[in-house]
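Asker: Dropping the structure in here first, questions after.
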Amino acid sequence: MPNLLAAERSPYLRQHADNPVDWLPWSDESLARARAEGKPVFLSIGYAACHWCHVMAHESFENPEVAALLNRSFISIKVDREERPDIDRIYMNYVQQTTGHGGWPMSVWLTPDGLPFYGGTYFPPSDRGGRPGFATLLGAIARHWTEQRDQIEKGAADVAATLREAAAAAPTREGSLADAAGDALEGAFRYFHENFDGEQGGFGGAPKFPRASVISFLFRVAAMQGPDSGVGAEAIRLATHTLRRMAEGGIHDHVGGGFHRYSVDERWHVPHFEKMLYDQAQIASNYLEAYQITGREVFAWVTRDILDYVLRDLCGPEGEFLSSEDADSRPDADAHEHREGAFYVWTRKEIESVLGEDAPLFCAHFGVRENGNAGADPTGELQGQNVLMQQCSLSDTARRAGIDLEAANEKLVASLARLRAARERRPRPGRDGKVVAAWNGLMISALARAARLLDEPKYLVAAGRAAEFLARHLSDESGDNLYRTWLGTRSPVPAFAEDYAAVIQGLLDLYEAGFDVRWLQCADRLQAAMDRMFWDERNGGYFSTRSDDATVIMRLKEDTDAAEASAISLAVANLVRLDWMIGAGPDGSTTMTRTERARRAIDSLSRQWTSMPFALPQLLCGIEWVLSEPRTIALAGNATTSGFRALAGVAAKSFRLRQVLLHADGSGAQWLGQTRPYLAAMKPVDGKPTAYVCENETCQAPVTTPEELARILM
């Protein structure tokens with residue numbers, strides 16, 4: 001008989017509905033039951049595409065004996081970290097502070113009041129290598145709870161008080177923001193330079209994660225220092241070398257497009273195979289910036305590869321973007337067991353049967369071996385299998401095969417298409433159809449930027465459809481309040497600060513790509529709502545959660561740019577952009593300028609970014625926005641004409657990453673003119689689309705050709 005998770009919206013929670021564990025969802029009622037029965041809470045947190053979450057579920061949560069231990073002595077609560085990032089953040093903070101590491105699945109034991117007293121990540125089902133198995137651990141914790149409950153509850157209260165005190169500590173920073181920022185920027189660059197893997201790219205050893213905020217930081221260092229300066233050129237080298245190695249590696253799905261979550265080895269070869277929407281969005285933006293600064297077509301090609309994968313496989317019927325694809329799937333239609341990477345890996349015989357006479361060329365280029373090439377295989381499930389990884393350049397492959405470059409390229413492209421068709425006949429990995437507001441915001445941003453820089457209308461259409469979906473299904477009637485997720489129906493869980501920040505960023509980029517003023521107006525309203533609900537009046541910055549959830553034991557601020565940039569890091573840039581674009585807003589009701597609010601948000605994390613600047617690379621990019629002088633490019637004329645689009649294209653290609661773009665006489669001219677009255681005088685010259693470039697409170701003479709605008713923006 002299914003447990004109570006069967007009624008939940010989350011695909012991850014429903015994956016556990018048939019477990020013999022009496023799982024409950026996170027709620028007031030679940031914690032009240034723990035208090036009523038005097039039992040500790042076992043809290044398990046994961047997500048639908050998480051491979052090790054599946055492993056622990058199969059080993060322990062599907063085991064009747066383990067379930068009996070849980071049901072007898074604990075109230076077991078399951079949380080989807082993607083649905084409730086606030087709960088995940090609180091208890092991950094505890095686990096990291098007490099164990100020195102974190103990850104998923106996360107396993108935490110709580111008092112009935114929600115205070116943590118023991119935690120970790122994955123636990124094996126039985127004792128292994130000196131580490132207690134999950135069943136052993138459950139027995140020990142249940143016994144200690146019975147014998148020493150008062151001590152456990154006192155210790156948990158003390159730990160929670162320490163965590164709350166740390167979270168509420170006032171920010172400290174000595175000297176001016178400019179001086180502190182200079183030291184932090186230098187320190188972060190030095191850290192990434194010292195930890196750079198000169199051979200394989202990336203930073204540090206295995207496992208390797210594609211940390212998009214680091215790449216963004218390096219490109220902004222190049223923008224600040226100048227691409228031709230010593231530091232600027234070195235920053236570009238670190239970033240582009242990493243992106244090239246990632247694109248060549250097995251972390252890149254050469255057959256179907258997009259990127260897997262991370263690589264278990266230092267060569268980007270053998271990944272954990274889940275594909276996350278937020279990775280696709282942020283990595284696409286990295287490659288787009290690489291194309292912007294270098295002009296190398298390969299980076300534009302990878303951007304299209306990622307975005308086309310998302311539009312094909314992670315896009316819903318109304319244009320919404322879905323959360324992820326699983327790492328595991330059935331090897332074939334007759335199999336019952338799932339295996340990690342089964343959809344993505346190949347034996348040499350399979351490739352030869354599909355490609356025939358083209359197989360030798362393909363296998364040489366992608367390192368396919370008779371006995372498999374997946375050397376780094378922590379699960380033991382890839383024996384005899386090949387993970388495609390580019391072994392050499394296209395020119396080297398062509399030379400070794402004795403054919404010209406164009407012929408080699410055509411053969412490889414055709415071979416990948418044939419393999420994709422063959423792969424589509426395999427059982428597909430599970431897809432998490434949950435729509436997450438923040439991740440859709442990130443994807444809208446990537447698509448809008450790509451539409452501008454690559455002059456690709458279909459990306460603008462896709463970004464607009466996703467924004468329409470958010471407005472229709474994840475906003476309330478006023479349009480001021482967002483909700484976190486949607487799956488067939490809207491979740492009752494209100495959005496978090498990260499949702500507002502990412503959606504606002506996406507809407508600002510969407511406005512600059514298509515000049516539909518309603519998206520700028522929507523971003524303005526959402527920023528006001530974010531300020532109202534999440535702003536810390538005492539210390540500045542944004543809490544991750546609202547104040548009206550009684551189940552949350554403390555309000556935290558994200559203080560790292562990890563798999564996703566923190567809400568504060570995104571908000572800083574959003575605030576400055578909005579200030580440059582529309583000022584205080586048409587109603588003039590804000591008590592401080594948005595740039596002043598951005599400065600206070602930066603100061604709220606000053607302890608973190610001054611002592612460990614490498615932990616907040618995206619925030620450092622935001623600091624650079626605050627300290628720079630704004631440059632506004634106002635375009636006048638019909639936005640649908642080729643001349644207007646040519647001017648907008650020049651603005652998009654400019655590697656000055658601290659500028660905003662406005663349509664001076666578009667549909668929103670009257671609205672914009674309430675706080676930007678100077679726009680009223682900006683009209684087309686001689687009936688031609690015209691660009692006005694304003695900086696340091698001075699506007700240059702208007703120009704009407706792309707060449708003239710390019711000279712100004714150099």
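The values are calculated or read from the model by the stated rules, or taken from the named source; none is laboratory data. Since the model is a prediction, treat every value here as computed from it, not as a measurement. Quick reminder, even Gly has a Cβ in these numbers, built from the backbone with ideal geometry, and neighbours come from all protein chains shown. Side chains included, ligands, DNA and RNA excluded: accessible areas come from the protein's heavy atoms. Shrake-Rupley method; radii C 1.70, N 1.55, O 1.52, S 1.80 Å.
Asker: Taking the range 655-681, which residues are crowded, with 19+ Cβ neighbours inside 10 Å and over 36 Å from the mean Cα position of the chain (by Cα)?
Answerer: Of everything in the range 655-681, nothing turns out to be crowded, with 19+ Cβ neighbours inside 10 Å and over 36 Å from the mean Cα position of the chain (by Cα).
Asker: Let me ask you something else. Pick from 160, 184: which is surrounded by 19 or more Cβ atoms within 10 Å (Cβ to Cβ), among the aliphatic types (A, V, I, L, M) and under 26 Å from residue 496 (Cα atoms)?
Answerer: 160
Asker: So which of 333, 327, 376 ends up being surrounded by fewer than 20 Cβ atoms within 10 Å (Cβ to Cβ), in contact (Cβ under 8 Å) with a residue 60 or more places away in the chain and more than 22 Å from residue 418 (Cα to Cα)?
Answerer: Sole residue among the options that is surrounded by fewer than 20 Cβ atoms within 10 Å (Cβ to Cβ), in contact (Cβ under 8 Å) with a residue 60 or more places away in the chain and more than 22 Å from residue 418 (Cα to Cα): 376.
Asker: Filter the range 380-416 for residues that are of a type in the set (Ser, Thr, Tyr) and surrounded by 15 or more Cβ atoms within 10 Å (Cβ to Cβ); which is farthest from residue 255 (Cα to Cα)?
Answerer: Applying the filter and picking the extreme gives 397.
Asker: For the condition assigned to a loop (DSSP other than H, G, I, E, B), of a type outside the set (Gly, Ala, Ser) and either open to solvent by 10 Å² or more (accessible area, probe 1.4 Å) or over 24 Å from residue 599 (Cα atoms) (or both), what is the one hit in 524, 549, 561?
Answerer: Criteria check complete, one pass: 549.
Asker: Just to check your reading of the model, which residue among 370, 357, 297 is over 17 Å from the mean Cα position of the chain (by Cα), open to solvent by 10 Å² or more (accessible area, probe 1.4 Å), of a type in the set (D, E, K, R) and closer than 24 Å to residue 461 by Cβ?
Answerer: When all the criteria are applied, what remains is 297.
Asker: Let me ask something else. So which residues in the range 605-617 are out of contact with any Leu (no Cβ under 7 Å at 6 or more places or on another chain), open to solvent by 10 Å² or more (accessible area, probe 1.4 Å) and of a type outside the set (Lys, Arg)?
Answerer: Within the range 605-617, 610, 611, 612, 614, 615 meet the criteria.
Asker: Here is a follow-up. In the set 71, 3, 19, 93, which member is without any contact (Cβ under 8 Å) to a residue 24 or more places away in the chain and either of a type in the set (Phe, Trp, Tyr) or on the phi < 0 side of the Ramachandran plot (or both)?
Answerer: Criteria check complete, one pass: 3.
Asker: From 508, 487, which residue is open to solvent by 10 Å² or more (accessible area, probe 1.4 Å) and under 21 Å from the mean Cα position of the chain (by Cα)?
Answerer: Unique residue meeting the criteria: 487.
Asker: Looking only at the range 682-709, how many residues end up being farther than 15 Å from residue 660 by Cβ, touching a residue at least 60 places away in the same chain (Cβ under 8 Å) and surrounded by fewer than 16 Cβ atoms within 10 Å (Cβ to Cβ)?
Answerer: Total satisfying the criteria: 0.
Asker: For the range 26-35, state whether one or more residues are within 22 Å of residue 118 (Cα to Cα), among the acidic types (Asp, Glu), touching a residue at least 12 places away in the same chain (Cβ under 8 Å) and open to solvent by less than 50 Å² (accessible area, probe 1.4 Å).
Answerer: no
Matching residues to (1) within 30 Å of residue 183 (Cα to Cα); (2) out of contact with any Phe, Trp or Tyr (no Cβ under 9 Å at 6 or more places or on another chain):
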residue: 596; (1), (2): yes, yes
residue: 602; (1), (2): yes, no
residue: 606; (1), (2): yes, yes
residue: 609; (1), (2): yes, yes
residue: 634; (1), (2): no, no
residue: 641; (1), (2): no, yes
residue: 646; (1), (2): no, yes
residue: 651; (1), (2): no, yes
residue: 659; (1), (2): yes, no
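Asker: In a helix (DSSP H, G or I) and surrounded by fewer than 24 Cβ atoms within 10 Å (Cβ to Cβ), is that true of residue 468?
Answerer: Answer is yes for this residue.
Asker: Just the residues that are assigned to a helix (DSSP H, G or I) and either more than 19 Å from residue 521 (Cα to Cα) or in contact with a helix residue (DSSP H, G or I) (Cβ under 7 Å, 6 or more places away or on another chain) (or both), please, taken from the range 472-505.
Answerer: 497, 498, 499, 500, 501, 502, 503, 504, 505
Asker: Restrict the check to the range 346-353 and report whether at least one residue is surrounded by 19 or more Cβ atoms within 10 Å (Cβ to Cβ), farther than 30 Å from residue 434 by Cα and of a type outside the set (Phe, Trp, Tyr).
Answerer: Checked against the condition, which is being surrounded by 19 or more Cβ atoms within 10 Å (Cβ to Cβ), farther than 30 Å from residue 434 by Cα and of a type outside the set (Phe, Trp, Tyr), the range 346-353 yields at least one hit.
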